[in-house]
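K.L.:
Pasting a structure here, questions to come.
The values are calculated or read from the model by the stated rules, or taken from the named source; none is laboratory data. Please read all numbers here as calculations on a predicted model, not as lab measurements. Glycine gets a Cβ as well: all are built from the backbone with ideal geometry, and neighbour counts include every protein chain shown. Ligands, DNA and RNA are stripped out before the accessible areas are found, and what is left, the full protein with its side chains, is counted by its heavy atoms. Shrake-Rupley method; radii C 1.70, N 1.55, O 1.52, S 1.80 Å.
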Amino acid sequence: MTSDRAAWLFVVFAALVFLMGGGSRFDIESLAPLRALASVFLAIGIWYQTADTFRPFRWPVGLLLALAVWMGVQLIPLPHSVWSALAGRDVIAEADAAAGLGAISRPITLSPLRTMNSLASLVVPLATLLLLALLDKDGWAKVRKVIFVAGIASALLGIAQLALRGSSGLYLYEITNADSAVGLFSNRNHNALFLNIALLFGVFELERAYERKAKGALGLVLVGLAILAVSILLNASRAGLILLALTGLVVVVRLVVRARAVPGKAKSRRGLVVAAAMLGLAALAVMALFAMADSIPALNRLFAQSLDDEQRIETLPTVLALARANMVLGVGFGAFEQAFRAVEPWDWLSPHYLNQAHNDWLQIVIEGGLPGVAIALVAAVLAGAVAVRTWREGRADGRFAAVTDPRWLGLLTLLMIALHSAVDYPLRTPSIMLTAAVAAGLLAYRGPRRTG
């Protein structure tokens, strides 16, 4: 298969994921057909794979397969004497005895169905990586545009959702933040994260258009960036605002670095520095204007509520205790809700329930135990090694930090997801899984390192 065909195949696949995979719940109706379609794309990726195309992607694919194997192990029935000795299983053993079931075998996971669901969810990032492995430089240019365009689509849909409040037809999922700009997602925080990532991809597209002196493309990218920034401001996500500040900092630093990298062109350097300063001041002015106009929901929530009043803070001690008790083998991927119910204090019982820890780093410990933590640490070490290598290569060839190196885009994307995961669970959403796989692919790709 040619790279161009593989690129368009990825575009179709990504469009399906963004349209059908914007929620994290296991019972979303679109998940079954999405995974079936993803399996077809995965099969195509495997069929056309060669040793040369697969070699750069062996680590991210290997880590996903290691995660799949551990999930499979968590589903294997164990003798009663083994599983009943695990933390928190005594309650289940007592219930079995009271029901007259006797010493039956059970797996590590507290919810086999939820763990099987987690296992099935890996088909999306696996298909993504194997399709990306077939691409060349031009194909990767299309991939970056897909993320940027999908972000703009989600932003525009989110703005329409706010403008036409009460119109349920604009929301793609039944269980959602119906009063917020969720865009293509069911959760406003996941949408805010994706919009910030799309903003990063847009900045790289802006630099690419600037290098090519493509004024038409430059104008379109600028409009897209403005739409993304406004949508993030209108989104009622505090994490989104924090990530927007980080994105703004990244843009300013990149402009300054690029200015320093322009040899013998004082006018160009001054222009880039001035652009960086103006961008920073403009961002502050827009934030101040919206704040004074009482028009940024996230800022209203930030000042109107104390974080200590929120459920995730109130339940943190119990979640930490759950992590300590299950840190060896875990309770099974996807089984956090069942594990939490077993230790949830009586006075917390209400129609509102906690189905995720709202801290995926802790939830990896709770659900995956030490094997899950080990896989996450290996991934972090590999990403760190790429960061060091990219830094050194950038300094060695005289263009400090190589501002157009796609690896920085992948690293920054993974950093944003990692930061957001400290207060949420974005990687439980197929759309963010695909985005993270694209970021990992940017680190793995060994083709030309210039984006132009």
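K.L.:
In the range 3-52, what percent of the accessible surface is made up of carbon and sulfur (1.4 Å probe, ligands and nucleic acids excluded)? Please list the in-between numbers first.
P.N.:
Values: 1810 of 2610 Å².
Accessible surface attributable to carbon and sulfur in the range 3-52 totals 69 percent.
K.L.:
On the accessible surface of the range 72-220, probed at 1.4 Å, how many percent belong to carbon and sulfur atoms?
P.N.:
Numbers: 3970 of 6260 Å².
Carbon and sulfur: 63 percent of the exposed surface of the range 72-220.
K.L.:
Also: Which of the aspartates and glutamates could a cross-linker span from LYS137 if the Cα-Cα distance has to be under 18 Å and same-chain partners fewer than 8 positions apart are dropped?
P.N.:
Excluding near neighbours in sequence, the set is ASP4, ASP52, GLU205, GLU207, GLU211, ASP405.
K.L.:
Would you mind classifying the range 45-172 by shape? Square roots of the alpha carbon gyration tensor eigenvalues, ordered a ≥ b ≥ c; an a/c under 1.5 is rounded, otherwise it is prolate if a/b is larger than b/c and oblate if not.
P.N.:
oblate
K.L.:
Solvent-accessible area of VAL253, probe 1.4 Å, all protein chains present, reported in Å² to the nearest ten, please.
P.N.:
Rounded to the nearest 10, the figure is 70 Å².
K.L.:
If you don't mind, there's one more thing I want to ask. Over the Cα atoms of the range 4-106, what radius of gyration and what Dmax do you get, in Å?
P.N.:
20.6, 62
K.L.:
Then there is this: Averaged per residue, what accessible surface does the range 126-252 expose to a 1.4 Å probe, in Å²? Intermediate results must be reported in sequence, preceding the final value.
P.N.:
Numbers: 4640 Å² over 127 residues.
Averaged over the residues of the range 126-252, the accessible area is 37 Å².
K.L.:
Using per-residue counts of other Cβ atoms within 10 Å, averaged over each peptide, order 37-49, 112-124, 76-88 from highest down.
P.N.:
On the way: 37-49: 17.5, 112-124: 20.2, 76-88: 14.5.
My ranking of the peptides, most packed first, is 112-124, 37-49, 76-88.
K.L.:
Let me ask another. Give the peptides 66-74, 330-338 in descending order of average Cβ contacts within 10 Å, highest first. Mind showing how you got there, number by number?
P.N.:
Numbers: 66-74: 18.2, 330-338: 25.2.
Order by mean packing, descending: 330-338, 66-74.
K.L.:
Further question: Which of the peptides 420-432, 3-15 is most tightly packed, and how do the rest follow, judged by the mean count of other Cβ atoms within 10 Å per residue?
P.N.:
Numbers: 420-432: 23.2, 3-15: 18.0.
Peptide ranking by packing, descending: 420-432, 3-15.
K.L.:
Any idea which of GLN74, SER84, LEU113 is furthest toward the positive side of the dipole for the range 1-121, if Lys and Arg beta-carbons carry +1 and Asp and Glu beta-carbons -1?
P.N.:
GLN74
K.L.:
Determine the order of LYS137, LYS213 by accessible area, beginning with the largest, at a probe radius of 1.4 Å. The partial results should precede the final answer.
P.N.:
Working: LYS137 75, LYS213 165 Å².
In descending accessible area the options line up as LYS213, LYS137.
K.L.:
Report relative contact order for the range 75-130 in percent, whole number only (criteria: Cα-Cα under 8 Å, sequence separation at least 6).
P.N.:
That works out to 43 percent.
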